[in-house]
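The values are calculated or read from the model by the stated rules, or taken from the named source; none is laboratory data. The structure displayed is predicted, hence computed values, not measured ones. Quick reminder, even Gly has a Cβ in these numbers, built from the backbone with ideal geometry, and neighbours come from all protein chains shown.
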Amino acid sequence: GAVVSQHPSWVICKSGTSVKIECRSLDFQATTMFWYRQFPKQSLMLMATSNEGSKATYEQGVEKDKFLINHASLTLSTLTVTSAHPEDSSFYICSASRASGRALEQYFGPGTRLTVT
Amino acid sequence: GIQVEQSPPDLILQEGANSTLRCNFSDSVNNLQWFHQNPWGQLINLFYIPSGTKQNGRLSATTVATERYSLLYISSSQTTDSGVYFCAVDFKAAGNKLTFGGGTRVLVKP
């Protein structure tokens, strides 16, 4: 169990357009979902934390108006990159955690590679 | 501030060799996880190990929370073990989110 999917797996878009990435927990209900960003040969950086039905909490330095997060249900969160620019090109990874009695244990999606031309 | 440091940054192994990866963290933790990121970017959960020792096949991990470090052991390494290994910590002071270390890039040569 604990499978997380992401769609699309890769996307190319033109500068100035918006792109939406979906993150789904397939076999469990995710109380919290997280969005990360990873540049080549670097570590993962947390962008924001979202709980179902409430506004996302963004990390310092992440523009909330540029990276719109919606957590509509216990199995779906979306990240929309608005007015994308080439510097937004990156690998975006989501994760989901479930209430299991343990302190936070996250399960990761396969990632979405975004290229902005 | 809170920090997670991994060593070594890079590791080249001959197939069949054993190795130890280290993760040092700066504060008290709720949770610590080890992940393997494969060449396609997928993060695979290896261990959830806020304390103690666990083993899964050729991999094992030990976390000594009082001394603020965790070790990941790879025995009899295989080429499929290549990739990046990340340690990620949920610090008590940080509010239920994971802070990732810089990773150890492992290459296992046949």
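Miscellaneous remarks
- Of all the listed residues (A:Gln42, A:Gln60), the sole one being over 15 Å from A:Ala96 (Cα atoms) and either outside any loop (DSSP other than H, G, I, E, B) or within 10 Å of chain B (Cβ to nearest Cβ) (or both) is A:Gln42.
- Residue match in segment A:92-110 (condition: part of a loop (DSSP other than H, G, I, E, B) and under 13 Å from the mean Cα position of the chain (by Cα)): yes
- Condition check for B:Pro9: surrounded by fewer than 16 Cβ atoms within 10 Å (Cβ to Cβ), within 12 Å of chain A (Cβ to nearest Cβ) and not hydrophobic (A, V, I, L, M, F, W, C): yes
Here's the yes/no breakdown for (1) away from every other protein chain (no Cβ under 14 Å); (2) within 26 Å of B:Asp10 (Cβ to Cβ); (3) crowded, with 19+ Cβ neighbours inside 10 Å:
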residue: A:Ala48; (1), (2), (3): no, no, yes
residue: A:Leu68; (1), (2), (3): yes, no, no
residue: A:Leu74; (1), (2), (3): yes, no, no
residue: A:Thr78; (1), (2), (3): yes, no, yes
residue: A:Phe108; (1), (2), (3): no, yes, yes
residue: A:Thr117; (1), (2), (3): yes, no, no
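- A:Arg98 meets each of the listed conditions (1) modelled with pLDDT of 95 or more; (2) out of contact with any Lys or Arg (no Cβ under 6 Å at 6 or more places or on another chain) apart from (1).
- Only listed residue being under 20 Å from A:Lys41 (Cα atoms) and either of a type in the set (S, T, N, Q) or more than 10 Å from every other protein chain (Cβ to nearest Cβ) (or both), chosen from B:Val64, B:Val108: B:Val108
- A single entry from A:Lys20, A:Lys55 fulfils the requirement of being assigned to a loop (DSSP other than H, G, I, E, B) and surrounded by fewer than 18 Cβ atoms within 10 Å (Cβ to Cβ): A:Lys55.
- Residues (closer than 15 Å to B:Thr104 by Cα, polar (S, T, N, Q) and within 14 Å of another protein chain (Cβ to nearest Cβ)) located in segment B:12-40: B:Gln33, B:Gln37, B:Asn38
- Test: residue in segment B:83-100 that is in a strand (DSSP E or B) and either touching a helix residue (DSSP H, G or I) at 6+ places or on another chain (Cβ under 7 Å) or free of Cβ contacts under 8 Å to residues at least 12 places away in the same chain (or both): no
- Filtered residues of segment B:90-105 (kept if at pLDDT 95 or above and either buried (at least 21 other Cβ atoms within 10 Å of the Cβ) or over 21 Å from B:Thr62 (Cβ atoms) (or both)): B:Phe100, B:Gly101, B:Gly103, B:Thr104, B:Arg105
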